[in-house]
Amino acid sequence: MNESSCSICLLRGKIYDAMDNRPLATSSYKEALKLDVYCFEAFDLLTSHHMLTAQEEKDFLDSLPLSQQCTEEEVELLHFLFENKLKKYNKPSEMVVPEIVNGLQDNLDVVVSLAERHYYNCDFKMCYSLTSMVMVKDPFHANCLPVHIGTLVELSKANELFYLSHKLVDLYPSNPVSWFAVGCYYLMVGHKNEHARRYLSKATTLERTYGPAWIAYGHSFAVESEHDQAMAAYFTAAQLMKGCHLPMLYIGLEYGLTNNPKLAERFFSQALSIAPEDPFVIHEVAVVAFQNGDYKTAEKLFLDAMDKIKAIGNEVTVDKWEPLLNNLGHVCRKLKKYEQALEYHRQALVLIPQNASTYSAIGYVHSLMGDFESAIDYFHTVRIYNHHNLFVYVYQRLGCLHCSPALMKMLNTSADGNESRAQPIEERFLLECDMHESDMMLETSMSDTST
């Protein structure tokens, strides 16, 4: 009887899903699972379509009547299999496999689950090694393909993605992931955004509920600063993926880029409520606090994001976190913690050594500390890497400071010989720096809008 009722609930959920009625579809899938905990399809639809938040997924799994419908050994196995489908924002770790199924360590689904943890925590090289191993054994593993495609984009492996996408289109032309792969390829190579939109649109036509394609579709507009179209795509993704924080995060970013900090803050708060441990979201909330002039709160949030990252991988070594280090430097500068600001900017240089903005920031901090010669050296480096940097003018202003103390005294003396009436050249320089400090903009860790 339960099996029949479960099948009816599952079918009803699919009908509601096709009608874009996500709340009723979610309710039907949850009801199907409570009637029959072996209905893995219902659980897979709940998780793969992001119908629940991470906490809701965990609470729902704990509420399932496993002990009433399964033997003790089956409870352990089912709980393990279901747990591997949950959102994976926490630190990657070795899979704890129940003793009764020790052979599952090398199971491809289990390996993909571990790869997803590494992907969500920005360890793309480890993720790539795991997904590549899966792809060798099963070249068209359904759960592995989206993660593998995303990893290829992050690691800029254009040739490999080109080969994979064409192979998928030839073999599975009616599968949305095939056209998603093609769209991601054109989005990655640059200046092919129109092509990317064409193929991503095809993916959403084949399966309107395919959230990753909607997010990538939004990225294709975002890279061209087409904010309205980008937000329209992200809003669609948000409706389809209510349990995923990424659409809310990207909507907030677009509002921030259009100088609407209030709405940006609202969407960042929604993203934070869905994924309170995600350092990307915490970082963006900190950026809003900085823009509002609340520097102490911004510093606290930036440090909180740093702690989350260190908890994930012990050290901040992924270049994706470089903006966080620079932004910590900016907020320390505002709080007049100049030595700390320099240390954060130098750490950022280790991750991305040729970033002109970082050299500008270091030069500016040196100038605020009165070390004008060091400031000149850093601003000169900025000219090497970026002739159009808005802060390069400081280098030109500082050029006259390479002079003798006697000449400095002459420069600081007014035309009629009255020193007290003249403003020292250092003070004039710092005043101009303060007037142009808006050029030292905060960076966003999601500015690359990767999928």
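Test of understanding: among 220, 165, 174, which residue is among the hydroxyl-bearing types (Ser, Thr, Tyr), more than 22 Å from the chain's Cα centre (by Cα) and not in a loop (DSSP other than H, G, I, E, B)? Every option except 165 fails the conditions. Residue 111 meets the stated requirement of being over 17 Å from residue 200 (Cα atoms) and surrounded by fewer than 23 Cβ atoms within 10 Å (Cβ to Cβ). Taking region 202-237, which residues are of a type in the set (Ser, Thr, Tyr) and touching a Gly at 6+ places or on another chain (Cβ under 8 Å)? Residues satisfying the conditions are 217, 220, 234. The sole residue among 372, 391 that is modelled with pLDDT under 80 and within 24 Å of residue 328 (Cα to Cα) is 391. Can residue 31 be described as charged (D, E, K, R) and closer than 14 Å to residue 83 by Cα? Against the criterion (charged (D, E, K, R) and closer than 14 Å to residue 83 by Cα), residue 31 does not qualify. Across region 267-276, which residue is surrounded by the fewest Cβ atoms within 10 Å (Cβ to Cβ) among those that are in contact with a Gly (Cβ under 9 Å, 6 or more places away or on another chain) and not aromatic (Phe, Trp, Tyr)? Among residues in region 267-276 that are in contact with a Gly (Cβ under 9 Å, 6 or more places away or on another chain) and not aromatic (Phe, Trp, Tyr), the one surrounded by the fewest Cβ atoms within 10 Å (Cβ to Cβ) is 269. Residues in region 15-38 that are assigned to a helix (DSSP H, G or I) and surrounded by fewer than 16 Cβ atoms within 10 Å (Cβ to Cβ) were compared, and the one that is modelled with the lowest pLDDT is 18. Screening region 239-255 for residues that are under 17 Å from residue 50 (Cα atoms) and not aliphatic (A, V, I, L, M) and picking the one that is surrounded by the most Cβ atoms within 10 Å (Cβ to Cβ) gives 247.
Counting only residues that are over 19 Å from residue 86 (Cα atoms) and of a type in the set (Asp, Glu), region 226-283 holds 4 of them.
The set of residues from region 225-244 being modelled with pLDDT of 90 or more and outside any helix (DSSP H, G or I) comprises just one member, 226.
Conditions (1) out of contact with any helix residue (DSSP H, G or I) (no Cβ under 8 Å at 6 or more places or on another chain); (2) surrounded by fewer than 17 Cβ atoms within 10 Å (Cβ to Cβ), marked per residue:
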| position | (1), (2) |
| --- | --- |
| 237 | no, no |
| 257 | no, yes |
| 262 | yes, yes |
| 265 | no, no |
| 278 | no, no |
| 282 | no, no |
| 288 | no, no |
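Taking region 108-141 as the range and being under 21 Å from residue 245 (Cα atoms) and more than 23 Å from the chain's Cα centre (by Cα) as the test, no residue passes. You will find that of 311, 305, 289, the residue that is touching a Lys or Arg at 6+ places or on another chain (Cβ under 8 Å) and either in contact (Cβ under 8 Å) with a residue 40 or more places away in the chain or not β-branched (Val, Ile, Thr) (or both) is 311 and no other.
Per-residue answers, yes or no, for (1) in contact with a His (Cβ under 9 Å, 6 or more places away or on another chain); (2) over 21 Å from residue 292 (Cβ atoms); (3) not in a helix (DSSP H, G or I):
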| residue | (1), (2), (3) |
| --- | --- |
| 324 | yes, no, no |
| 329 | yes, no, no |
| 347 | no, yes, no |
| 353 | no, yes, yes |
| 357 | no, yes, no |
| 361 | yes, no, no |
| 375 | yes, yes, no |
| 381 | no, yes, no |
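Residues that are among the charged types (D, E, K, R), assigned to a helix (DSSP H, G or I) and in contact (Cβ under 8 Å) with a residue 40 or more places away in the chain within region 262-285 comprise just one, 284. With respect to residue 268, determine if the residue is of a type in the set (Phe, Trp, Tyr) and touching a Lys or Arg at 6+ places or on another chain (Cβ under 9 Å). Against the criterion (of a type in the set (Phe, Trp, Tyr) and touching a Lys or Arg at 6+ places or on another chain (Cβ under 9 Å)), residue 268 does not qualify. Residues in region 303-342 that are under 22 Å from residue 365 (Cα atoms) and touching a Cys at 6+ places or on another chain (Cβ under 9 Å): 321, 338, 339, 340, 341, 342.
The values are calculated or read from the model by the stated rules, or taken from the named source; none is laboratory data. Computed from a predicted structure; not experimentally measured. With ideal geometry, Cβ positions are generated from the backbone for all residues, glycine too; neighbour counts draw on all protein chains shown.
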